[in-house]
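Nothing in this text is a laboratory measurement; each read-out follows from the coordinates by a stated rule. Because the structure is a prediction, the values reported are computed rather than measured. Glycine also receives a Cβ, built like all others from the backbone with ideal geometry; neighbour counts cover every protein chain displayed.
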Amino acid sequence: MRHMLNPLDFSVEEIDRLLSLASDIEHNLPKYAHVCDGKKLATLFYEPSTRTRLSFESAMLSLGGSVLGFSSADSSSAAKGESVADTIRAISCYADIAAMRHPKEGSALVASQHSSIPVINAGDGGHQHPTQTLTDLMTIRSLTGRLGNMTIGLCGDLKFGRTVHSLINAMVRYPDIRFVLIAPDELRIPSYIREDVLKAKNIRFREVNHLDDAMPELDILYMTRVQRERFFNEDDYIRLKDCYILDKKKMKLAKETMYVLHPLPRVNEISIEVDNDPRAAYFRQVQYGVYVRMALIMTLLEVEKPC
Ligand code: CP
């Protein structure tokens, strides 16, 4: 039995197969309508979510399976003090696979250690968000036709942004990847990513404070939200929340072939005037998230690809 806790749980070859399956699903959706008949997905969400929870549910329903779960800790027995370990033991009796989001780093790992069904990490605190990464990889590959030889700008909250940490971990396995890390000093990338991933693997990167300077060289601009829920101090959040706002003027500095991604939700960091720019790919990214989660559910449940 396999879990998906970290994007590195799958080799590059396995990710390639998974993305190819997701692409086949995209183009042949009806073919997959019954491959998970009789299977159940549990969504255990201790933190708010729109896209991740509903795209998992949409994915399982599109495969012919069923879904059950909770959408907040308050509506589960976590409110009575139940541990993640005990919860997943119970859920293993009800479902065939579980997707879990939790505010604490490492909680999905704990769940996997006590589970008799595959566990998918749907976000654990500021740590990892592997299915967002699979979504990002599919989006980049579908839009540009490649996953190597590119400069990726990561902008915003690089300190707490689990989508950024997961994406860096995943992208450094492809050839000739360069990063521009655009953040205020307070929200710089954590040292364990800078030292243990980027420097350790000799990846070309630079850290800057200003988005304008970076725009012309980027193939992908990955915008992120400054996350109010990760701050201990409201004043710090207010001071930093609008530090980057992507607007039409900044888009003029970018290549015609650059794409803007964002895991969403956005608050102010991308002006709505950018939404109609053909390079704005963040809502296409949401759609890719369903196909890639369908492929992941099939892979972890070891469901055969239909003819
Ligand atoms: N991208 C993402 O994780 O969105 P949600 O928080 O809405 O699930």
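Distance between Cα centroids, segment 150-180 to segment 34-71: provide it in whole Å. Between the Cα centre of segment 150-180 and that of segment 34-71, the gap is 28 Å.
Once the Kirkwood radius over Cα pairs is known for segment 197-279, the Stokes-Einstein relation at 37 °C and 0.692 mPa s delivers a diffusion coefficient of 228 µm²/s.
Amide H contacts of residue 205: 179, each under 5 Å away and 5 or more positions distant or on a separate chain (H built 1.01 Å from N in the peptide plane; Pro and chain starts excluded). Calculated FRET efficiency, residue 173 to residue 80, Cβ-Cβ distance, R0 = 45 Å: about 0.60 to the nearest 0.05. Listed by chain and number, the lysines placed with their C-alpha closer than 23 angstrom to that of residue 250 are 241; residues fewer than eight positions away on the same chain are left out. Between residue 116 and residue 217, the FRET efficiency from the beta-carbon distance, with R0 = 51 Å, is close to 0.55. Summed over all non-identical Cα pairs, the Kirkwood treatment of segment 78-190 gives a radius of 15.7 Å. Whole-Hz Karplus values for segment 40-48 come out as 10, 10, 9, 10, 10, 10, 8, 9, x Hz, taken residue by residue from phi with 6.51 cos²θ - 1.76 cosθ + 1.60 and θ = phi - 60°; glycine and proline positions read x. If you find the alpha carbon centre of segment 112-137 and of segment 75-107, how far apart are they in angstrom? Here the answer is 13 Å between Cα centres.
FRET efficiency for the residue 72 to residue 307 pair, using the beta carbon distance and R₀ = 30 Å, is estimated at 0.15. Taking amide H as placed 1.01 Å from N in the peptide plane, the amide H of residue 270 sits under 5 Å from that of 246, each at least 5 places away or on another chain.
Projecting the Cα atoms of 193, 106, 88 onto the charge dipole of the chain, computed from C-beta unit charges around the Cα centre, puts 193 farthest toward the positive end.
Label sites at residue 229 and residue 11, each approximated as a point 7 angstrom past Cα along Cα to Cβ, lie 3.6 nm apart.
DSSP beta bridges confined to the chain are antiparallel in about 5 percent of cases. The residues neighbouring residue 55, those whose beta-carbon lies less than 15 Å from its own, together hold a net charge of +2 under the Lys/Arg +1, Asp/Glu -1 convention. Only helical runs count toward this figure. For the chain, summing -39,500 (n - 2.57) over DSSP H runs of n ≥ 4 and dividing by all residues gives -10000 deg cm²/dmol at 222 nm. Note on residue 252 and residue 149: their simple-model spin labels are 3.2 nm apart, each label 7 Å out from Cα toward Cβ. Dividing the convex hull volume of the alpha carbon atoms of the chain by its residue count gives 129 Å³ per residue.
Phi angles of segment 272-285 translate, via the Karplus equation with coefficients 6.51, -1.76, 1.60 and θ = phi - 60°, into HN-Hα couplings of 5, 5, 7, 4, 8, 5, x, 7, 7, 10, 6, 7, 5, 4 Hz per residue; Gly and Pro are given as x. Translational diffusion of segment 65-115, estimated by Stokes-Einstein from the Kirkwood radius over alpha carbon pairs at 4 °C in a medium of 1.567 mPa s, is 113 µm² per second. On the principal axes of its alpha-carbon atoms, segment 131-285 has extents of 42, 39, 30 Å, going from largest to smallest.
Shape of segment 1-135 from the C-alpha gyration tensor: prolate (a/c of 1.5 or more and a/b above b/c, with a ≥ b ≥ c the square roots of its eigenvalues).
Spin-label point model (7 Å from Cα, Cβ direction): what's the residue 284 to residue 206 distance in nm? So the two model labels end up 2.8 nm from each other.
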